[in-house]
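We did not get these values from a lab; they are worked out from the coordinates using the rules stated. Model, not experiment: these values are computed from the prediction. FYI the Cβ positions are ideal-geometry reconstructions off the backbone, even for glycines, and counts take in every protein chain you see.
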């Protein structure tokens, strides 16, 4: 687990000093706002698709449900620039499940398929859209089909965000007192159904439901780290501020650690982390008078 003295040192770094810090383990970009981040995320994705089209090849992407700021710019760019998506295949990163491992109600705010159909697909002109048969949504019944399909050919890009503990998709380290995993097990984790960690449930409850954790889906089905990190390039983004700040610092400065899956990005040859200024800031870096017994350096 991450050493608290090291964590304190990483959290002391000012946001403005992060991008060019000599100790970065993974390349980092900082943007001013959610709007700027959404434009950047969409632009990179659209340009990648346009390049594949110009080369006459299929384009295969792992796409998350969030961050949310890129959907409108993506739709605008595709429609205005007439970018054909017929050779694009989309693997959706994860899906939430109820306590029995079943799919959620259609209009549950954590039903990722419903959200993506509305915000990622619905606004695209019909003559440009991703074919229905090229849209792969995870659920308990599609796991093996999607696993086989992913490994048929290389993935061009994994887009994503990260959780409060640095999870990619729903790839959390296990916090069960009688069941732990090693970094190698996490690194090789594949598509699966899992219980969500309690801290994830609490964080999502605070974010979405005024701390009413009772409405947060307790289970999920997710692509594994193995699938997500298999892509030729990985781009992760966050504009959600305080609950991502510490995980970002760990990802940027820590050695690989099973507690924070995002640290595995440092093993990838083409991975970049992007965050807004509010997400890159940290209260410890802004409070030099704070004192923690046995920690301050």
Rg/Rg_globular for segment 226-266, with Rg_globular taken as 2.2 N^0.38 Å and Rg from C-alpha atoms: 1.21
Radius ratio Rg over Rh of segment 1-85, counting only Cα atoms, Kirkwood formula for Rh: 1.12
Which order do peptides 229-239, 129-139, 149-159 fall in by mean Cβ count within 10 Å, highest first? 229-239, 149-159, 129-139
When the Kirkwood radius is taken over all Cα pairs of segment 190-233, what Stokes-Einstein diffusion coefficient follows at 10 °C and 1.306 mPa s, in µm²/s? 136 µm²/s
In nanometres, the difference between 0.36 nm per residue of separation and the alpha-carbon distance of residue 181 and residue 55 is 41.2 nm
When the Kirkwood hydrodynamic radius is evaluated over all pairs of different C-alpha atoms of segment 4-280, what value in angstrom, to one decimal, is obtained? 19.2 Å
How far is helix 34-54 tilted off the main Cα axis of the chain, in degrees rounded to 10, range 0 to 90? 40 degrees
Given the Cα-Cα distance of residue 132 and residue 243 and 0.36 nm per residue of separation, how much length would full extension add, in nm? 36.5 nm
Tell me, how many Å apart are the Cα centres for segment 108-185 and for segment 86-105? 6 Å
Run the numbers on segment 83-205 and let me know its relative contact order in percent, using alpha-carbon pairs under 8 Å that are six or more apart. 25 percent
Using only Cα atoms, tell me the angle between helix 198-208 and the longest principal axis of the chain; keep it within 0 to 90° and round to the nearest 10. 70 degrees
Segment 145-297: relative contact order in percent, alpha carbon pairs under 8 Å with at least 6 residues between: 30 percent
Ratio Rg/Rh [Cα only; Rh per Kirkwood] for segment 156-297: 0.97
Ratio of segment 61-136's C-alpha Rg to 2.2 N^0.38 Å, to two decimals? 1.16
Relative contact order of the chain, defined on C-alpha pairs under 8 angstrom at six or more residues apart (%): 28 percent
Stokes-Einstein D for segment 139-238 (25 °C, 0.890 mPa s, Kirkwood Rh from Cα pairs), in µm²/s, comes to 167 µm²/s
Separation between Cα centres of segment 228-297 and segment 1-75, rounded to whole Å: 12 Å
Give me the number: length gained by fully extending residue 207 to residue 4, i.e. 0.36 nm times residue separation minus the C-alpha to C-alpha distance, one decimal in nm. 70.5 nm
Using only helices, what value at 222 nm comes out for the chain when you add -39,500 (n - 2.57) per DSSP H run of length 4 or more and divide by the total residues, to the nearest 500 deg cm²/dmol? -8000 deg cm²/dmol
